[in-house]
Amino acid sequence: MPAIVVSSGNGPPKEFEGKITVYVVICGIIAATGGLMFGYDIGISGGVTSMDDFLEEFFPAVYVKKHGAKEDNYCKYDNQDLQLFTSSLYLAALVSSFFASKSCTKFGRKLTMQAASVFFLVGVILNAAARDLAMLIIGRILLGVGIGFGNQAVPLFLSEIAPVQIRGALNILFQLDVTIGILIANLVNYFTTNMHPWGWRLSLGLAGVPAVILFFGSLLITETPTSLIERKKLDEGLAMLKKIRGTDNVDAEYDEIVYACEMAQKVKSPFKNLMKRSSRPQLVIAIFMQVFQQFTGINAIMFYAPVLFQTMGFKNDGSLLSAVITGTVNVLSTVVSIVLVDKVGRRMLLLEACVQMFITQTTIGVILQLYLKTNNNLSPQLAIVVVVMVCLYVMSFAWSWGPLGWLIPSETFPLETRTAGFFFAVSSNMLFTFIIAQSFLSMMCHMRAGIFFFFAGWILIMALFAMFLLPETKNVPIDEMTDRVWKQHWYWKSYMDGEESDSKNKIEDGVDK
Ligand code: BGC
């Protein structure tokens, strides 16, 4: 049996030789366009659902309410169908990510990404050509299936092809593309909002661009060596590993992948393995990183920024422009995260962001509570303060809970539970995105400014979670998490009792008898 390569100390395992090849970087950039599809969709919905032409055609009741003489600021968009338009996608993504995880194992990451782009494209066509609500919702569901497949396959793909020394950076490329997608969508909406009566069709139709890029791009990129080896294509896997590492000296890494695949195949039920007590810490962290990511309230801003800004008295253009500003802040702050995450560590970013998010959410809540009544507008000065607060809030999210919600779940699981564990992260993201998307407008109608205090309350809880239950994983090689992280943690170490140091023993423990 080939030897496992064990890394020693901080940094990459010395036995792994490999350059950062142009090919691996190109593969990473192309695959990350899956994030672009996800982001474009997040950013486009809010603008489209505040366009009059769109509302008049599909949601006439909302249109009438929006233009009603005595409408309530906080309730004018409260409509279950309108929210269903935004949120149906996430429910579809939630269900499909389960099948996507199976597809990743059986057919490979590359084919799963291609399937993602095809589902997404069909959804785009239905949306852009929609004649009635049914076409619109079915299109959204297909977009959701595309996103479920993409979000499961892309981060996995990126982690597997990345040389160990840039795995973090390549992983956050996904989130960077999410933020770029959101920004592009905001810009598109800014221009299409004045194209009557079909601007919304263009907004929805342009979602096809990242899908086409992903489809054709994925014809050029490699399948991951892990997936090839997992599917018994050993020679191909070895050749591909040499190509992406830019060296023939890949034996150590190859042996490790072969060994890991052999062991993983012995675990007949990764999901059962995941339910063991010793998997609890990683599972809890993966799920809660995503639950908390959504309870920062970020998508209340991302989906509904234009709606929110209109509520505060900005006219249509002004509100989309504000959304463009927050979109730019989102992209730039994600770059900050790429630069800092391996220097200052995950916990520092998360905790700092909690302070910044708590202050900004509370300030917005106080301003709206005091000055935004049922039928008035905020004064221009106060409206600017709110936009600045929203930017400071988005900034802190973008260098913390945004990228780390995806990064940490992908780096804490041992190999035998990594894909099954990551499925829990993806599906928790989709479930809680759905909950927020479906309920935010109604919550705003009933809780009014209190909605911001509601999210601020969650931020306190997540700060305590990060402070006491989240260990630092910066610079810890993935295969040493058990020893160097979980066994050292004041609370989680009790879950590791009897857990052997090396992954070999742990895997054999979980093998179904
Ligand atoms: C989250 C999305 C969010 C986006 C904002 C992602 O990490 O999963 O829900 O809209 O970040 O940039």
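The values are calculated or read from the model by the stated rules, or taken from the named source; none is laboratory data. Since the model is a prediction, treat every value here as computed from it, not as a measurement. For neighbour counting, all protein chains shown are included, and Cβ atoms are generated from backbone atoms with ideal geometry for every residue, glycine included. For the accessible areas, the whole protein counts, side chains as well, though only heavy atoms, and no ligand, DNA or RNA atoms are used. Shrake-Rupley method; radii C 1.70, N 1.55, O 1.52, S 1.80 Å.
Numbers for the structure displayed
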quantity	calculated
Qualifying residue in region 308-327 (condition: at negative phi and within 11 Å of the ligand (Cβ to nearest atom))	yes
Residue within region 287-304 that is open to solvent by less than 10 Å² (accessible area, probe 1.4 Å), of a type outside the set (Phe, Trp, Tyr) and within 21 Å of ASN475 (Cα to Cα) present	yes
Helices (runs of 4 or more DSSP H) enclosed by region 258-316 - at least 3 residues per element that are touching a Leu at 6+ places or on another chain (Cβ under 9 Å)	280-295, 298-311
Selection within region 376-411 - touching a residue at least 24 places away in the same chain (Cβ under 8 Å), within 13 Å of ILE325 (Cα to Cα) and of a type in the set (A, V, I, L, M, F, W, C)	VAL386, VAL387, MET389, VAL390, CYS391, LEU392, VAL394, MET395
Of the criteria (1) at pLDDT 75 or above; (2) farther than 30 Å from THR482 by Cα, which one VAL24 fails	(2)
Check on VAL394, over 23 Å from the mean Cα position of the chain (by Cα) and either of a type outside the set (Phe, Trp, Tyr) or not in a loop (DSSP other than H, G, I, E, B) (or both)	no
Checklist (1) more than 29 Å from LEU321 (Cα to Cα); (2) modelled with pLDDT under 95; (3) within 16 Å of the ligand (Cβ to nearest atom) applied to MET462, failing item	(2)
Filter result (of a type in the set (A, V, I, L, M, F, W, C), open to solvent by less than 10 Å² (accessible area, probe 1.4 Å) and more than 26 Å from ALA466 (Cβ to Cβ)) within region 309-346	PHE309, MET312, LEU320, ALA323
Condition check for ALA162: open to solvent by 30 Å² or more (accessible area, probe 1.4 Å) and more than 17 Å from the chain's Cα centre (by Cα)	no
Test set (1) under 24 Å from ASP81 (Cα atoms); (2) open to solvent by 40 Å² or more (accessible area, probe 1.4 Å); (3) touching a helix residue (DSSP H, G or I) at 6+ places or on another chain (Cβ under 9 Å) - MET430 fails condition number	(2)
ILE147 being within 26 Å of ILE435 (Cβ to Cβ) and more than 16 Å from the chain's Cα centre (by Cα)	no
Number of the exception - VAL118 against (1) open to solvent by less than 20 Å² (accessible area, probe 1.4 Å); (2) in a helix (DSSP H, G or I)	(1)
Any hit, region 213-234, residues being of a type in the set (D, E, K, R) and free of Cβ contacts under 8 Å to residues at least 12 places away in the same chain	yes
The lone exception for LEU464 - which of (1) surrounded by fewer than 22 Cβ atoms within 10 Å (Cβ to Cβ); (2) touching a residue at least 12 places away in the same chain (Cβ under 8 Å) it fails	(2)
Flag for THR360 being of a type in the set (Ser, Thr, Tyr), within 16 Å of the ligand (Cβ to nearest atom), buried (at least 24 other Cβ atoms within 10 Å of the Cβ) and closer than 28 Å to SER50 by Cα	yes
For LYS65: the one exception among (1) among the charged types (D, E, K, R); (2) at pLDDT 90 or above; (3) open to solvent by 10 Å² or more (accessible area, probe 1.4 Å)	(2)
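Rundown of residues vs (1) at pLDDT below 95; (2) among the acidic types (Asp, Glu); (3) within 12 Å of the ligand (Cβ to nearest atom); (4) crowded, with 24+ Cβ neighbours inside 10 Å, yes/no style:
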{"residue": "LEU378", "(1), (2), (3), (4)": "yes, no, no, no"}
{"residue": "LEU382", "(1), (2), (3), (4)": "yes, no, no, no"}
{"residue": "VAL388", "(1), (2), (3), (4)": "yes, no, no, no"}
{"residue": "LEU392", "(1), (2), (3), (4)": "no, no, no, no"}
{"residue": "ALA398", "(1), (2), (3), (4)": "no, no, yes, yes"}
{"residue": "SER410", "(1), (2), (3), (4)": "yes, no, no, no"}
{"residue": "GLY421", "(1), (2), (3), (4)": "yes, no, no, yes"}
